Amino acid sequence: MPDLELRVDDLTLAADWSDEAPETVRALDTALPLSGEASRWGDELYFRTDVDVGPENAREAVEPGTIAYWPAGNALCLFWGPTPASEGEEPRAASPVNLVARVADYEPLSAVEGGAFVELSRS
């Protein structure tokens, strides 16, 4: 059974916590559910949170389906394809992000137009 449920407008996707940023995961898990009106930046959605943690094994290039925390903006980010910062087809954040979870089936996100309401909660 997946750890998390990610809702993006009408879509519901299963996700699992990553072990790459355990302090960030603990902070986010304590704050769940997290939700907000997301902004879109290429094939990335992000929304601001009240969670405030610093960089933890942070990087800019990520895999499609990555859920990450952006320390520079206290935001939760969902990547599924190239962004304006990408070099080629890989998703790339504007600045380093902490990898916190993964969505296995991210293909339905390609139908998302503009911003969306996003909610991350325990499944």
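Please state which one of 61, 68 is buried (at least 16 other Cβ atoms within 10 Å of the Cβ), within 22 Å of residue 117 (Cβ to Cβ), at pLDDT 95 or above and of a type in the set (Gly, Ala, Ser). Reasoning before the result, please.
Values: 61 fails: within 22 Å of residue 117 (Cβ to Cβ).
Just a single option satisfies the conditions, and that option is 68.
Residue check: is residue 19 in contact (Cβ under 8 Å) with a residue 60 or more places away in the chain, of a type outside the set (Gly, Ala, Ser), loosely packed, with under 15 Cβ neighbours inside 10 Å and not in a strand (DSSP E or B)? Break it down into steps so the answer makes sense when it comes.
Working: in contact (Cβ under 8 Å) with a residue 60 or more places away in the chain: no; of a type outside the set (Gly, Ala, Ser): yes; loosely packed, with under 15 Cβ neighbours inside 10 Å: yes; not in a strand (DSSP E or B): yes.
Against the criterion (in contact (Cβ under 8 Å) with a residue 60 or more places away in the chain, of a type outside the set (Gly, Ala, Ser), loosely packed, with under 15 Cβ neighbours inside 10 Å and not in a strand (DSSP E or B)), residue 19 does not qualify.
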| query | How many residues does the stretch 81-105 hold that are surrounded by fewer than 22 Cβ atoms within 10 Å (Cβ to Cβ) and outside any strand (DSSP E or B)? | reply | 12
| query | Tell me, which residue of the stretch 29-57 that is within 13 Å of the chain's Cα centre (by Cα) and farther than 13 Å from residue 119 by Cβ is surrounded by the most Cβ atoms within 10 Å (Cβ to Cβ)? | reply | 44
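The values are calculated or read from the model by the stated rules, or taken from the named source; none is laboratory data. Quick caveat: nothing in here was measured; it's all calculated off a predicted structure. Glycine gets a Cβ as well: all are built from the backbone with ideal geometry, and neighbour counts include every protein chain shown.
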